[in-house]
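The values are calculated or read from the model by the stated rules, or taken from the named source; none is laboratory data. Keep in mind that this is a model prediction, so the values were computed, not measured. All Cβ positions, even for glycine, are placed from backbone atoms using ideal geometry, and neighbour counts span all protein chains on display.
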Amino acid sequence: MPPKNGAGFSLKDHLFNKRKVQYLADLFRAADADFDAKSFVKQATRPFKSLELKERIAHLAVTLEDFLNDDFRVSAKQIMEALPPPLDPRKTDDDFGDFILAPLGEYVVRNGLSKRHLKLSLRTLKEITQRFSMEDAIRHFINAFPDETLRELEKWSTDSNYHVRRLVSEGARPTLPWSGRLAVDFTQPLPLLDKLHADPTRYVTRSVANHLNDISKLEPTHAISTLKRWKQESVQQQDEFNWIAKHALRTLIKQGHHDALKFLGFRTNPKIDIENFTVARKRLKPGEVLEFAFDIVAERDEPLIVDYVIDFVKANGSLAPKVHKLKQLTEKNGKRVTLKKQHTLRANATTYTLYPGTHRVTIQINGSAYGTLEFELI
């Protein structure tokens, strides 16, 4: 998934610009002296200013069609010969690769999505994904040729390269950011996760957890039962399994789903009291900080997941709740802990717009609400 866009920062220009296109052209030129790198760069970058990020990926793939061989059997070989060295196999996480290679996957989809070229296309994607994740491209093949592609992904699930193994989970996620939905039932790729959840690499297990989190939004009981089965099998290290389970159930935790909380060892009726819940300032402007504090007093030892919910005013005046993580702790019997939080009300957030009106902040512990206070956004 691409990095988040910040204020005053153009993600599309950062990922796809003339320098990046020149790098891509140089890769092909190094592999084939006849590749017209200069013309490719000129043609590829000419309409960039008017194109959004995904449009630039598609445009680069279309442009490549004018410079590579018309026969996909030949152009696939041209692509593989032009690829840079694989990503460092000694790393174990956060090594996504260079986005300028994304158009290669789009090219394979446009020119190799056929029964005739299926084996070659999958082999090509397997090579590219060791340089940049082909999670979006592989989904087109799962939809078009589900049985054949899933059988190939089963083989990849034990590949020595962790980027290939991650693609098996990430590409088969029910709802993948920036990508279209899969046509297959979400249960079909589950046997692949049965293998991958025991993977030694966090990059892979994070994808497994995200995959299961997708499933939890569709069928919560299926996600929880899958985790219960994996727990009984005990094939993953305990600490890593605990991390997978918590990350996989994060949406259900925010929703206060009782079975999910219970599975993770949290009581849905903790014996606690909330005292001294206060908001520092009750009139705020966009860009300013909402600051609040409260005490938790426990009547027994209690593992707690503490969140807070802000009810944002929408354009039509209604409220939209958004859950935020605050802290996970184990509160001891009779002890008091004071928690404080400063939440910046970002005026230029990319995921929501701030509107004036009466907002609310609620303390949520183990899925239940423990007090609400109002504040005014002016």
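Of the residues 169, 160, only one is of a type in the set (S, T, N, Q) and not in a helix (DSSP H, G or I); which? Only one candidate qualifies: 160.
Can you confirm whether residue 114 is outside any helix (DSSP H, G or I) and more than 22 Å from the chain's Cα centre (by Cα)? The answer is yes for residue 114.
Report yes if some residue within the range 312-333 is more than 25 Å from residue 255 (Cβ to Cβ), in contact (Cβ under 8 Å) with a residue 12 or more places away in the chain and not acidic (Asp, Glu); otherwise report no.
yes
Per-residue answers, yes or no, for (1) at pLDDT 95 or above; (2) over 29 Å from residue 374 (Cα atoms); (3) surrounded by 16 or more Cβ atoms within 10 Å (Cβ to Cβ):
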position	(1), (2), (3)
235	yes, yes, no
245	yes, yes, yes
253	no, no, yes
256	no, no, yes
261	no, no, yes
266	no, no, yes
271	no, no, no
292	yes, no, yes
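Screening residue 321 on (1) outside the structural domain of residue 190 (by TED's automatic domain parsing); (2) in contact with a His (Cβ under 9 Å, 6 or more places away or on another chain) shows it passes everything except condition (2). In the list 227, 193, which residue meets the criterion of being without any contact (Cβ under 8 Å) to a residue 40 or more places away in the chain, in a helix (DSSP H, G or I) and touching a Ser or Thr at 6+ places or on another chain (Cβ under 7 Å)? When all the criteria are applied, what remains is 193.
Per the conditions (1) over 27 Å from the mean Cα position of the chain (by Cα); (2) in a strand (DSSP E or B), the sole criterion not satisfied by residue 316 is (2).
Collect the residues in the range 280-290 that are surrounded by fewer than 17 Cβ atoms within 10 Å (Cβ to Cβ) and either touching a residue at least 40 places away in the same chain (Cβ under 8 Å) or more than 29 Å from residue 352 (Cβ to Cβ) (or both), keeping them in residue-number order. Quick ask: steps written out before the conclusion?
In the first step, residues of the range 280-290 are kept if they are surrounded by fewer than 17 Cβ atoms within 10 Å (Cβ to Cβ); the result is 280-283, 285-289.
Those that are surrounded by fewer than 17 Cβ atoms within 10 Å (Cβ to Cβ) and either touching a residue at least 40 places away in the same chain (Cβ under 8 Å) or more than 29 Å from residue 352 (Cβ to Cβ) (or both): 281, 282, 283, 285, 286, 287, 288, 289.
Looking at 102, 44, which one is assigned by TED's automatic domain parsing to the domain that holds residue 161, buried (at least 21 other Cβ atoms within 10 Å of the Cβ) and touching a strand residue (DSSP E or B) at 6+ places or on another chain (Cβ under 7 Å)?
102
Of the set (1) more than 24 Å from residue 130 (Cβ to Cβ); (2) acidic (Asp, Glu); (3) at pLDDT 95 or above, all apply to residue 65 but (1).
Only one of the numbered conditions (1) more than 30 Å from residue 263 (Cα to Cα); (2) in contact with a Phe, Trp or Tyr (Cβ under 9 Å, 6 or more places away or on another chain) is violated by residue 277, and that is (1).
With the condition kept exactly as written, say whether any residue in the range 55-78 is without any contact (Cβ under 8 Å) to a residue 12 or more places away in the chain, polar (S, T, N, Q) and either closer than 18 Å to residue 127 by Cβ or in the same structural domain as residue 287 (by TED's automatic domain parsing) (or both). Within the range 55-78, one or more residues are without any contact (Cβ under 8 Å) to a residue 12 or more places away in the chain, polar (S, T, N, Q) and either closer than 18 Å to residue 127 by Cβ or in the same structural domain as residue 287 (by TED's automatic domain parsing) (or both).
Each row is one residue, and each column tells you yes or no for (1) within 21 Å of residue 88 (Cα to Cα); (2) within 19 Å of the chain's Cα centre (by Cα).
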residue	(1), (2)
160	yes, no
163	yes, yes
178	no, yes
187	no, no
203	yes, yes
213	no, yes
222	no, no
229	no, no
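Filtering the range 330-356 to residues that are among the hydroxyl-bearing types (Ser, Thr, Tyr) and within 15 Å of residue 289 (Cα to Cα) leaves only 344.
Considering only the range 1-111, give the helices (runs of 4 or more DSSP H) lying wholly within it that have at least 1 residues that are charged (D, E, K, R), in contact with a Phe, Trp or Tyr (Cβ under 9 Å, 6 or more places away or on another chain) and within 29 Å of residue 351 (Cβ to Cβ). Steps first, please.
Numbers: elements: 11-15, 18-31, 37-45, 53-65, 72-82.
In the range 1-111, the matching helices (runs of 4 or more DSSP H) lie at 11-15, 18-31, 53-65.
In the range 146-169, the residues that are crowded, with 21+ Cβ neighbours inside 10 Å reach residues that are modelled with pLDDT of 95 or more and among the acidic types (Asp, Glu) with C-beta atoms within less than 7 angstrom, at least six apart or across chains, in these pairs: 165/159; 165/199; 167/135. Run down 306, 235 and say which single residue is without any contact (Cβ under 8 Å) to a residue 40 or more places away in the chain and either on the phi < 0 side of the Ramachandran plot or among the acidic types (Asp, Glu) (or both). It is 235.
Checked against the criterion of being in contact with a His (Cβ under 6 Å, 6 or more places away or on another chain), in the same structural domain as residue 158 (by TED's automatic domain parsing) and of a type in the set (A, V, I, L, M), the candidates 204, 184, 208, 235 yield just one match: 208.
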